[in-house]
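Enquirer: One structure follows; several queries about it will come next.
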Amino acid sequence: MARGPTALGILRSLRMADIPAYVAAPAGDMVTYSRWYRPTPGAEPWDGRPGPQAYAALDAMPLEKAVIVPGADDAALWAAELAESLLGHRFMVSTATRGVQALLQDKSAFAAYLAKTDIPHPRTYRLSSLADVERIPFGELDRVFVKPVNSQRFSDVIGVKGLWVTRRDELHDTWLRLHAQGFDVMAQEYVPGPATEHYFIDGFRDTHGDYAGVFARRRVRMSPPDFGNSSCCTSVPLSDVPAAMHHLRHLLDGLHYRGIFSAEFKRDPRDGEFRILEVNTRAWTYVEFAARHGVNVCEMAWQDALGLPVTRALRHYPEGRRCVDLYHDLASVRALRKRRVLGWPEVLKQWSGASLHTFRMDDARPALHFVGDLVKRHLRESVRPPEGGGDVLQGSPLGRDPK
């Protein structure tokens, strides 16, 4: 139940485990070009959108029993509800409760929960009104940025995961613009340091509270460079992140979490603390990278949902293995070269021997289709007259706002 590279990663991970799978994704999505793609059975294939129509689609499917693996925030929330519905006995999910899902997905609620624990995290302030803007202690904070309460919709519309603000008047203006577009946002203290200080702990916690598999990786680059997703990352041993693992277990054990997770930390150079930034409660875009190196959380989710013994992954997986999202990493490299902080010899060394995010020799069509779409889009834009872009208040799109 996903789209794009995440859907492709889930499908390939299940294929590695010899688990037959159907894909609930929109027609024409990248994953539909995979050699292993099969639409959901029935008269009308389900496109993976959650909601009332999804219940009807599932009810009509000629399947006696199946497991759903979500690959987006809204899908994970909906799947938690499905598990408690009348269809839950046919379509099973390895998931935490809806309340726990909502807590971890709502960045404001998550920050409030962390404030009651001893888990290191950046200072965060909910901005519900201009009065909240006035209460932000700019003088006490290093750097400040605005981030959404709901990151999925914000990224889809704005194109970035956060926006810098350096003064209170900038925060005032940014809040007004985002509020007019219907976004709930927060101000958060920026943890200093480059992209390489970001660490991810990906894994699976089963219904008995056991961590069947855990995989750690470090970000090498991200796109866009300030607030983006990893475009190049490398596997690191769990011995590199013991404090982060301790904090994550404290969090997930306290919430009685169940299912797939991917937690992001940033190591603070000021005190060496691993500060938790967010926890994804579903399969993430690099899920296949972990599966390639022995931590197949999609297989674990399938087993756990069916009440089967969950395969335990080895704790000592290959270290120093890289994965590159070449399209986005090219953009990141160009931006860093403009700042004169990166040279081509270093980039080529990192790319050599790396796994490509979506391209595989034995399943090449999804990546080739993506490249073909890029070429067609470029050709269309090259003959189109220039247009003035803008948001609902007019002006330049927020993703390229000089502020």
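Enquirer: Only four residue types carry charge here, +1 at the Cβ of Lys and Arg and -1 at the Cβ of Asp and Glu. Report the dipole size of the chain about the Cα centre in Debye, rounded to the nearest 20.
Expert: On the way: 52 positive and 48 negative charges, 235 e Å.
Roughly 1120 debye, rounded to the nearest 20.
Enquirer: Could I ask something else about it? For Leu306 and Asp373 in one chain, what is 0.36 nm times their gap in residues minus the Cα-Cα distance, to one decimal in nm? All intermediate terms of the calculation are to be shown ahead of the outcome.
Expert: Values: separation 67, 0.36 × 67 = 24.12 nm, distance 3.87 nm.
Using 0.36 nm per residue and subtracting the Cα-Cα distance, I get 20.2 nm.
Enquirer: Can you check what the net charge comes to around Val241, using other residues whose Cβ is under 15 Å from the Cβ of Val241 (Lys, Arg +1; Asp, Glu -1)?
Expert: Details: positive: Arg217, Arg218, Arg219, Arg249, Lys266, Arg267, Arg275, Arg315; negative: Glu197, Asp202, Asp240, Glu264, Asp268, Glu273, Glu319.
Local net charge: +1.
Enquirer: Can you tell me the dipole magnitude for region 15-171 around its Cα centre, using point charges on the Cβ only (Lys, Arg +1; Asp, Glu -1), in Debye to the nearest 20?
Expert: Once rounded to the nearest 20, the dipole reads 280 debye.
Enquirer: With point charges of +1 on the Cβ of Lys and Arg and -1 on the Cβ of Asp and Glu, referenced to the Cα centre of region 123-189, which listed residue (Phe138, Trp164, Phe154) lies farthest in the positive direction of the dipole?
Expert: Phe154
Enquirer: Let me ask another. Obtain the nm distance between the two label points defined at Thr97 and Leu176 by a simple spin-label model: each point lies 7 Å from its Cα along the Cα-to-C-beta direction.
Expert: For the pair Thr97/Leu176, the computed spacing is 4.3 nm.
Enquirer: Among Gln303, Trp36, Ala263, whose Cα lies farthest out toward the positive end of the dipole of the chain, if unit charges sit on the beta carbon of Lys, Arg (+1) and Asp, Glu (-1)?
Expert: Working it through, the farthest residue towards the positive pole turns out to be Trp36.
Enquirer: When only C-alpha pairs under 8 Å and at least 6 residues apart count, what is the relative contact order of region 123-189, in percent?
Expert: 50 percent
Enquirer: Now for a different question. What is the fewest-to-most order of Ile68, Ile136 by other Cβ atoms lying within 10 Å of their Cβ?
Expert: Neighbour counts put them in this order, fewest first: Ile136, Ile68.
Enquirer: Next question, about the same structure. Quick one: net charge of Gln188's neighbours, Cβ under 9 Å, K/R +1, D/E -1?
Expert: +2
Enquirer: Any idea how far apart Leu141 and Ala331 come out in nm if each label point goes 7 Å out from Cα toward Cβ?
Expert: According to this spin-label approximation, the distance is 2.6 nm.
Enquirer: Would you look at the GNM of the chain, springs on alpha carbons closer than 10 Å, and say which of Ile158, Ile276, Ile201 moves the most?
Expert: In the Gaussian network model the winner is Ile158.
Enquirer: Taking the Cβ of Gly28 as the center, what net charge do the other residues with Cβ under 11 Å away carry, scoring Lys and Arg +1 and Asp and Glu -1?
Expert: Its environment carries a net charge of -2.
Enquirer: May I pose another question? Distance cut-off 27 Å, Cα to Cα: go down the list Lys266/Lys338; Lys161/Lys349; Lys147/Lys376 and report the pairs above it.
Expert: Lys161/Lys349; Lys147/Lys376
Enquirer: With a 10 Å radius around each residue's Cβ, average the other Cβ atoms per peptide and rank 25-32, 46-53, highest first.
Expert: In descending order of packing, they fall as 25-32, 46-53.
Enquirer: Once you've got the GNM for the chain with C-alpha springs shorter than 10 Å, pick whichever of Lys266, Lys147, Lys65 has the biggest mean-square fluctuation.
Expert: Lys65
Enquirer: Now for a separate question. Let me check the size of region 195-356 from its C-alpha atoms; what are the radius of gyration and Dmax in Å?
Expert: Cα only, region 195-356: 16.3, 54 Å (Rg, Dmax).
Enquirer: Here's a follow-up. Answer with one residue from Ser94, Pro62, Ser108: the one whose Cα lies farthest towards the positive end of the charge dipole of region 59-187, charges on Cβ with Lys, Arg +1 and Asp, Glu -1.
Expert: So the residue furthest toward the plus end is Ser108.
Enquirer: Helix-only estimate, please: 222 nm mean residue ellipticity of the chain, summing -39500 (n - 2.57) across DSSP H runs of length 4 or more and dividing by its residues, to the nearest 500.
Expert: My calculation for the chain gives -10500 deg cm²/dmol from helical runs alone.
Enquirer: I would also like to ask the following. Taking H as built 1.01 Å from N, whose amide H comes closer than 5 Å to the amide H of Val185, not counting residues under 5 places away?
Expert: Leu127, Val149
Enquirer: Distance in nm between label sites at Ala43 and Glu346, each 7 Å beyond Cα in the beta-carbon direction?
Expert: 6.0 nm
Enquirer: Let me ask something else about it. Quick one: Karplus J couplings for region 228-245, per residue in order, coefficients 6.51, -1.76, 1.60, θ = phi - 60°, nearest Hz, x for Gly and Pro?
Expert: x, 9, 4, 9, 8, 9, 9, 6, 10, x, 4, 5, 7, 10, x, 5, 4, 5
Enquirer: What is the Å³ per residue value for the convex hull set by the Cα atoms of the chain?
Expert: Details: hull volume 64.8 nm³, N = 403.
Per residue, the Cα convex hull of the chain comes to 161 Å³.
Enquirer: How high is the relative contact order of region 1-127? Use alpha-carbon pairs under 8 Å, at least six apart in sequence, and give a whole percent.
Expert: About 19 percent, as a whole number.
Enquirer: Another one. Could you work out the relative contact order of the chain? I mean the mean sequence separation of Cα pairs under 8 Å and 6+ apart, divided by the number of residues, in percent.
Expert: On the way: 714 pairs, mean separation 72.3, N = 403.
Reported as a whole number, the value is 18 percent.
Enquirer: Let me ask something else. With 17 Å as the cut-off, how large is the P(r) tail for region 123-189, expressed as percent of Cα-Cα pairs?
Expert: 31 percent
Bear in mind that the values in this text are calculations on the coordinates, not laboratory data. Just so we're clear, the structure is a prediction, and the values are computed from it rather than from any experiment. Cβ coordinates were reconstructed from backbone atoms using ideal geometry, including for glycine residues, and neighbour counts include every protein chain displayed.
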